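Below: one structure, written as structure tokens.
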């Protein structure tokens with residue numbers, strides 16, 4: 001019986017395991033090694049680790065856990081069920097683990113449009129977060145992809161990094177109020193459907209529209225829906241936000257007792273440094289709950 005089974009070995013899961021290990025808790029991490037940022041060349045905004053490769057960051061984190069006896073399993077989790085006061089976690093290798101608490105830290109998956117070439121550039125010159133990748137694309141020709149108020153807000157925010165921003169709505173009209181605001185800020189709008197993204201080995205060159213016209217761009221930032229990478233939280237009954245992430249408290253608690261969700265799959269800002277902090281907060285909440293069960297009144 002583990003004190004906590006952690007599903008996902010990214011920044012949130014590793015940070016939670018580190019703290020729980022230091023609390024002398026028996027912890028196991030199950031991770032397939034397929035994080036959301038696996039295609040990125042570097043992560044940013046994490047003090048002392050700015051610019052590090054995601055894989056190197058993960059390896060450093062794992063190496064620090066060994067001294068605390070944290071168990072690591074390179075295996076997927078296919079399901080979980082509650083039995084009395086603990087969880088039975090089913091693994092892809094047909095084995096099971098038992099844990100008093102369950103922490104899901106598997107992150108989210110971006111719903112990418114099925115435009116040829118879009119996926120090839122994802123993580124290289126097509127990004128979801130200006131704070132993570134805007135600096136590297138400063139003063140370049142940028143496109144903001146999406147619809148409605150979300151893409152308008154994205155485009156206006158991108159002007160912090162470049163004054164050459166074009167909104168692309170992929171065949172969806174944008175309302176007059178938003179159009180006027182974008183125009184007032186020097187942002188052009190292309191509402192034609194995009195037939196393909198033309199690139200050189202992931203380096204965006206231009207967007208080709210269905211009418212045959214094109215738009216030369218160096219990078220694209222998008223605003224689309226997301227869904228949790230693992231269906232376990234939803235299967236257990238965890239509530240979702242309007243963004244498609246799991247609704248949690250500031251301590252990463254969900255509406256299901258003993259189930260915590262930390263990292264990009266929660267409601268907070270989606271940064272590596274925030275995911276790590278959420279993992280720590282979840283670990284503290286879990287340890288306090290364990291203490292309450294163990295210390296006699």
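So here's what we get for this one:
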item: The listed residue being in contact with a helix residue (DSSP H, G or I) (Cβ under 8 Å, 6 or more places away or on another chain), outside the structural domain of residue 128 (by TED's automatic domain parsing), under 19 Å from residue 231 (Cβ atoms) and modelled with pLDDT of 95 or more, out of 7, 89, 27, 70; result: 7
item: Residue among 29, 88 that alone is buried (at least 18 other Cβ atoms within 10 Å of the Cβ) and not in a loop (DSSP other than H, G, I, E, B); result: 29
item: Strands (runs of 3 or more DSSP E) fully within the stretch 94-150 counting 2 or more residues that are under 24 Å from residue 281 (Cα atoms); result: 96-104, 108-110
item: Unmet criterion (only one of (1) in contact with a strand residue (DSSP E or B) (Cβ under 7 Å, 6 or more places away or on another chain); (2) in a loop (DSSP other than H, G, I, E, B); (3) in contact (Cβ under 8 Å) with a residue 24 or more places away in the chain) for residue 182; result: (2)
item: Residues of the stretch 232-260 classified as in contact with a helix residue (DSSP H, G or I) (Cβ under 9 Å, 6 or more places away or on another chain), surrounded by 13 or more Cβ atoms within 10 Å (Cβ to Cβ) and in a loop (DSSP other than H, G, I, E, B), total; result: 8
item: Output for the stretch 189-213, where each listed residue is within 19 Å of residue 114 (Cβ to Cβ), in contact (Cβ under 8 Å) with a residue 12 or more places away in the chain and either in a strand (DSSP E or B) or under 25 Å from the mean Cα position of the chain (by Cα) (or both); result: 190, 194, 195, 196, 197, 198, 199, 202, 204, 207, 208, 209
item: Candidates 102, 60, 32, filtered to the one that is over 14 Å from residue 275 (Cβ atoms) and without any contact (Cβ under 8 Å) to a residue 12 or more places away in the chain; result: 60
item: Criterion (surrounded by 13 or more Cβ atoms within 10 Å (Cβ to Cβ) and either touching a strand residue (DSSP E or B) at 6+ places or on another chain (Cβ under 9 Å) or not assigned by TED's automatic domain parsing to the domain that holds residue 255 (or both)) met by exactly one of 107, 61; result: 107
item: Residue within the stretch 78-85 that is buried (at least 17 other Cβ atoms within 10 Å of the Cβ) and either over 22 Å from the mean Cα position of the chain (by Cα) or part of a loop (DSSP other than H, G, I, E, B) (or both) present; result: no
item: Test set (1) surrounded by 14 or more Cβ atoms within 10 Å (Cβ to Cβ); (2) at pLDDT 95 or above - residue 98 fails condition number; result: (1)
item: Filtered residues of the stretch 209-226 (kept if surrounded by 14 or more Cβ atoms within 10 Å (Cβ to Cβ) and closer than 22 Å to residue 163 by Cα); result: 214, 215, 217, 218, 219, 220, 221, 222, 223
item: First in the stretch 66-88 and within 16 Å of residue 15 (Cβ to Cβ), second anywhere and assigned to a strand (DSSP E or B) and at pLDDT 95 or above, Cβ under 6 Å, 6 or more apart; result: 70/27; 72/29
item: Residue pairs meeting the criteria (Cβ under 8 Å; at least 6 apart or on separate chains; first within 16 Å of residue 2 (Cα to Cα), in the stretch 280-297; second modelled with pLDDT of 95 or more and in a loop (DSSP other than H, G, I, E, B)); result: 283/23; 286/25; 287/23; 287/25; 289/258; 290/25
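Quick grid of which residues meet (1) at pLDDT below 95; (2) farther than 16 Å from residue 216 by Cα:
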residue: 123; (1), (2): yes, yes
residue: 129; (1), (2): yes, yes
residue: 135; (1), (2): no, yes
residue: 160; (1), (2): no, yes
residue: 163; (1), (2): no, no
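So that you can scan it fast, the table gives a plain yes or no per residue for (1) surrounded by fewer than 17 Cβ atoms within 10 Å (Cβ to Cβ); (2) more than 17 Å from the chain's Cα centre (by Cα):
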position: 124; (1), (2): no, no
position: 142; (1), (2): no, yes
position: 149; (1), (2): yes, yes
position: 155; (1), (2): no, yes
position: 161; (1), (2): no, yes
position: 165; (1), (2): no, yes
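The values are calculated or read from the model by the stated rules, or taken from the named source; none is laboratory data. For clarity, every value in this text was computed on a predicted model and none was experimentally measured. Positions of Cβ are backbone-derived with ideal geometry, glycine not excepted, and every protein chain shown enters the neighbour counts.
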